[in-house]
Amino acid sequence: MNCKRATSEGGRPSSRIADNLPTTIPEWFGIFHQWDFIYADATESKAEWKTNTKGFPLSPTTLYKRWLSLTELIGVRFETSRNGRTWYVMIDIDFGSQYHPFQNPTAIPKLVAILEEKAGLCRHLKIQSSSSGGLHLYFPFPEAQPCLKTAFTIHNLVTEAGFRVTSGQLEIFPNIKLPDSLYNGHRLPLQQDSYALNDDFQPIHNSLEQFINSWVLAASHQDRELLATTIDQAKPARSKIPQLHASSRNVAEWKERLEETLERGWTQVGQTNQIIKEVCQYAIVFQNQGKTWGELDWSATQKWVYQTIVNLPGYKTFCNHQNNIRKRISEWLKANQKNRKHTPLGSQIKQFITSPFSTNKARQEEALQRI
């Protein structure tokens, strides 16, 4: 391992690496995924995060402007497509976590040492995430890496070292996620009550310019070959995915995202395929929750999907497949019967039963009642 391979004398990034790294504010905000961003009211005692569902991205400049706001908190997710890539991994440790330095001063040094030895992540940035005293540890990359492989790589290294990845203790961004869900979102650093920390976890500044300079320097000191090789060799073990998600918010977030489709319906043309897919998923997984595969009534499910879709907002205005909508629904459900990609919640994946992160039931019932 060579953690200084990417630097020249004096610790400055070599031009070969620095040319690819974000060195200005617009460039830095450009590394973040622009869609599905999260936001919250900064004046509330506890941030109530919402996901943007209006179908528009944030440009780097707009993201920066919203970051500057004194009344709003802004956060980001990661790109969900197969080609989605990330310029960093971030580890979130809550103030009450057993791994917080106030509870266990040896936990983070052990965690950092594992990621340096196994993945070549030799530098990181410490951030107090908010007034709660939680920590965000950022590990910038010298080159963008695949999101899902990054998630599996870091998760495997951390858990093999004995750390427990779960909400309230230790979370990884990007996280291992269900195929049809979003990555978890996190707030951007150095907003309200957020500060850069020194090695003793004491606040030293909240300057974005200084933070970006530290980001570039940290990225340039990583062992790029070891990092890329370790991530490239990551092999997601599908059989482990249900267990990994049992302690996360992904199922609840996926359910909430599908319910947003039930509430929003069509807003423009060209959305039919996606809406059919999401309504069918909701019907199989959540409407039939608790049933076994053999108990699933496909005829009743198809009827529910059809009645739901034709009564969605915007259907008559924007759906260009009204003449064959029954056929399209039937084809989607038959394909799922064949490949069993989606099953009722509580049958083959009982461990996914909704946790304290359940979506707001009143909101769900209200949306379904309107339909």
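Within the range 142-162, what residues put their amide N at less than 11 Å from the label point 7 Å along the Cα-to-Cβ vector of residue 117? Flagged as within label range: 161. For residue 334, no aspartates and glutamates have a Cα closer than 12 Å to its Cα, not counting residues fewer than 8 places off in the same chain.
So how much slack lies between residue 160 and residue 334, counting 0.36 nm per residue of separation and subtracting their Cα-Cα distance, in nm?
Result: 58.6 nm gained on full extension.
Fully extending the segment from residue 292 to residue 41, taken as 0.36 nm per residue of separation minus the present Cα-Cα distance, adds 86.2 nm. Inter-part distance, the range 305-339 to the range 102-174, computed on C-alpha centroids, equals 43 Å. Multiplying the residue separation of residue 300 and residue 200 by 0.36 nm and removing their Cα-Cα distance gives an extension gain of 30.0 nm. Sorting 306, 315 by solvent-accessible area of protein heavy atoms yields 306, 315, largest first, with a 1.4 Å probe.
The shape of the range 105-168 comes out rounded: with a ≥ b ≥ c from the C-alpha gyration tensor, a/c is under 1.5.
Calculated accessible area for the range 29-78 comes out at 53 Å² per residue, all protein chains present (probe 1.4 Å; ligands, DNA, RNA ignored).
Taking amide H as placed 1.01 Å from N in the peptide plane, the amide H of residue 205 sits under 5 Å from that of 196, each at least 5 places away or on another chain. Taking 20 Å as the cut-off, the amide N atoms of the range 141-160 that come nearer than this to a point 7 Å along the Cα-to-beta-carbon line of residue 229 belong to 141-146, 149-158. Going down the table (149/277; 177/277; 255/303; 46/118; 255/316), which pairs top 27 Å between alpha carbons? 46/118, as the Cα separations exceed 27 Å there.
The values are calculated or read from the model by the stated rules, or taken from the named source; none is laboratory data. Please read all numbers here as calculations on a predicted model, not as lab measurements. Quick reminder, even Gly has a Cβ in these numbers, built from the backbone with ideal geometry, and neighbours come from all protein chains shown. Heads up: the accessible areas ignore ligands, DNA and RNA and are worked out on the full protein's heavy atoms, side chains in. Shrake-Rupley method; radii C 1.70, N 1.55, O 1.52, S 1.80 Å.
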